[in-house]
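In what follows, a structure is listed as structure tokens, so that the remarks can point back to it.
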Amino acid sequence: MTDSLIRKAAADFEAKFGYAPTGVWSAPGRVNLIGEHTDYNQGYVFPFAINRHTFAAIALREDNLVRVGSSFSPTLHEVPLDSITRDDKNDWAAYPFGVAWAIAKLSEVAGSGFDCYIESDVPVGAGLSSSAAIECAVGVALNELWNAGLDKKTLAKAGQLAENEIVGAPTGIMDQSASLLGEADHGVFLDCRNLESQVIDLGFAKAGLELLIIDTKVAHRHADGGYASRRAACEAGAAAMGVSSLRELNESNLPKAHDLLDNTTFRRVRHVITENQRVLDTVRTLREQGPGAIGALLYASHESMRDDFEISVDELDTAVETAMRHGAFGARMTGGGFGGAAIALAPTERISEISLSVIAEFEALGFAKPEIFAVSAGPGARREI
Ligand code: ADP
Ligand code: MG
């Protein structure tokens, strides 16, 4: 799959632009193993880079023009490098344009224009960060071709800056960090307060475990409003507790929070405090006992999002419960909530039973057909050819 997409990116570049690219660079999507709604509270997250990639075939031009195409869309977008701004007309090209703009800004190199063609097998909108995969594939390519000299942490910042300033999405740095820093069968433990990261052995492959993605295909219309109100509750909770972010609190502060906050705000705060602790516990458990022992933490994360943060929906609960009944060590919803995907950690030999059971259960309940596939933890962004 990967080899053929590399060749396809190069061939489609040549068909579109009439000459061969200088190279093809890739970057993976990511899944967040644990640490949900902790990032904007300055807390901990623990994602890993997955074995699904976006490929960018690229060559520099002698002039200032940037042209980008993708198998995802028939439209070729172009803009002079020094005229990149936030503009609805950019559409999906805001991601590659934004990264070019951000790398030029952060490195202060006077890069030339370039032609770029994108291929990808990262599903869009399944919570696997197809957006960071584009940013990071184009980012590592331009960093090399322009001799911009940015390290991976700064490249992650460039991706975030592109998304914040040129795409116009107020996202954090988790996705880009995972896509750039990932390693085979390792996760990226990230502290969102100081952006320090550690690559941690997952041991899934050695233990014969896989992570199933169960995309419920549910997209609720109140997802945006629900996300905004959860963020607001976290900010209100931190302010009432007299701290700059919920990261400053831990489980010993829960009794005081219970006395001080209204019941809803208290439960929002409790989710964030306990979720941060679960990320730390997951990292420690992996080191001390291995991946077979982290299932209870994943499931506790789900219960906390369902009951305290109240962002789950029937489809996600059904996916999680069915996976648990059929041999998953742990399962939980991921992402913003009100739809999207659940993950389930399970031995390889139980994967097909779990998948078939979830599909049957969804059908019995009259839910839309979910999309289910296994992912493994793979290496981060790199040059392919
Ligand atoms: P995700 O969770 O997948 O990152 P986002 O909404 O953040 O969801 O990003 C998805 C957007 O990224 C798409 O709407 C599109 O604009 C862009 N995108 C993702 N993959 C591709 C691709 N292969 N080619 C072009 N644009 C893409
Ligand atoms: Mg995204």
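What are the pairs, 6+ residues apart or on separate chains, where a residue within the range 347-372 that is in the same structural domain as A219 (by TED's automatic domain parsing) has its Cβ under 7 Å from a residue that is exposed (fewer than 15 other Cβ atoms within 10 Å of the Cβ)?
If the second residue must be exposed (fewer than 15 other Cβ atoms within 10 Å of the Cβ), the pairs left are P347/G208; T348/G208; I359/K369; F362/K369.
When you scan the range 246-270, how many residues do you find that are under 23 Å from the mean Cα position of the chain (by Cα) and either among the acidic types (D, E) or under 22 Å from V188 (Cβ atoms) (or both)?
2
Going by what's in this entry, would V99 be described as within 16 Å of ligand 2 (Cβ to nearest atom) and part of a helix (DSSP H, G or I)?
Values: within 16 Å of ligand 2 (Cβ to nearest atom): yes; part of a helix (DSSP H, G or I): yes.
When the stated conditions are applied, V99 passes them.
So which of L76, L33, L128 ends up being more than 19 Å from S179 (Cα to Cα) and in contact with a Gly (Cβ under 9 Å, 6 or more places away or on another chain)? Walk me through how you get there before you give the answer.
On the way: L33 fails: more than 19 Å from S179 (Cα to Cα); L128 fails: more than 19 Å from S179 (Cα to Cα).
Being more than 19 Å from S179 (Cα to Cα) and in contact with a Gly (Cβ under 9 Å, 6 or more places away or on another chain) holds for just one of L76, L33, L128, which is L76.
For residues that are outside any loop (DSSP other than H, G, I, E, B) and among the small types (G, A, S), tally how many sit in the range 147-190.
Total satisfying the criteria: 8.
Quick grid of which residues meet (1) outside any helix (DSSP H, G or I); (2) closer than 23 Å to I351 by Cα; (3) of a type in the set (S, T, Y); (4) touching a residue at least 12 places away in the same chain (Cβ under 8 Å):
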| site | (1), (2), (3), (4) |
| --- | --- |
| V283 | no, no, no, yes |
| R287 | no, no, no, yes |
| L297 | no, yes, no, yes |
| S301 | no, yes, yes, yes |
| I311 | yes, no, no, yes |
| L316 | no, yes, no, yes |
| V320 | no, yes, no, yes |
| A323 | no, yes, no, yes |
| A328 | yes, yes, no, yes |
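Can you confirm whether V109 is in a loop (DSSP other than H, G, I, E, B) and either surrounded by 24 or more Cβ atoms within 10 Å (Cβ to Cβ) or within 15 Å of ligand 2 (Cβ to nearest atom) (or both)? Steps first, answer last, please.
Numbers: in a loop (DSSP other than H, G, I, E, B): yes; either surrounded by 24 or more Cβ atoms within 10 Å (Cβ to Cβ) or within 15 Å of ligand 2 (Cβ to nearest atom) (or both): no.
No, not satisfied.
Give V320, V313, V283 a once-over and let me know the one that is surrounded by 24 or more Cβ atoms within 10 Å (Cβ to Cβ), of a type in the set (V, I, T) and assigned by TED's automatic domain parsing to the domain that holds G225. Steps first, please.
On the way: V313 fails: surrounded by 24 or more Cβ atoms within 10 Å (Cβ to Cβ); V283 fails: surrounded by 24 or more Cβ atoms within 10 Å (Cβ to Cβ).
When all the criteria are applied, what remains is V320.
Report yes if E144 is away from ligand 1 (no atom under 16 Å from the Cβ), part of a helix (DSSP H, G or I) and either surrounded by 22 or more Cβ atoms within 10 Å (Cβ to Cβ) or in contact (Cβ under 8 Å) with a residue 40 or more places away in the chain (or both), otherwise no.
Numbers: away from ligand 1 (no atom under 16 Å from the Cβ): yes; part of a helix (DSSP H, G or I): yes; either surrounded by 22 or more Cβ atoms within 10 Å (Cβ to Cβ) or in contact (Cβ under 8 Å) with a residue 40 or more places away in the chain (or both): yes.
Yes.
Identify the single condition in (1) more than 16 Å from ligand 1 (Cβ to nearest atom); (2) of a type outside the set (A, V, I, L, M, F, W, C); (3) buried (at least 20 other Cβ atoms within 10 Å of the Cβ) that D175 does not satisfy, given that it satisfies every other one.
(1)
Restricting to strands (runs of 3 or more DSSP E) lying wholly in the range 1-96: which have 2 or more residues that are among the polar types (S, T, N, Q)? Let's see the steps before the verdict.
Working: elements: 23-34, 44-60, 65-70, 73-80.
Of the strands (runs of 3 or more DSSP E) lying wholly inside the range 1-96, those with at least 2 residues that are among the polar types (S, T, N, Q) span 23-34, 44-60, 73-80.
Of the conditions (1) in the same structural domain as G339 (by TED's automatic domain parsing); (2) surrounded by fewer than 23 Cβ atoms within 10 Å (Cβ to Cβ); (3) on the phi < 0 side of the Ramachandran plot; (4) touching a Pro at 6+ places or on another chain (Cβ under 9 Å), A184 fails just one. Which one is it?
(1)
Being within 14 Å of ligand 2 (Cβ to nearest atom), under 16 Å from G380 (Cα atoms) and assigned to a loop (DSSP other than H, G, I, E, B) is the filter here, so list the residues in the range 120-141 that pass it.
V122, L128, S129
The values are calculated or read from the model by the stated rules, or taken from the named source; none is laboratory data. The model shown is predicted, which means the values in this text are computed figures rather than measured ones. Note: ideal-geometry Cβ built from the backbone for every residue, glycine included; neighbour counts use all protein chains shown.
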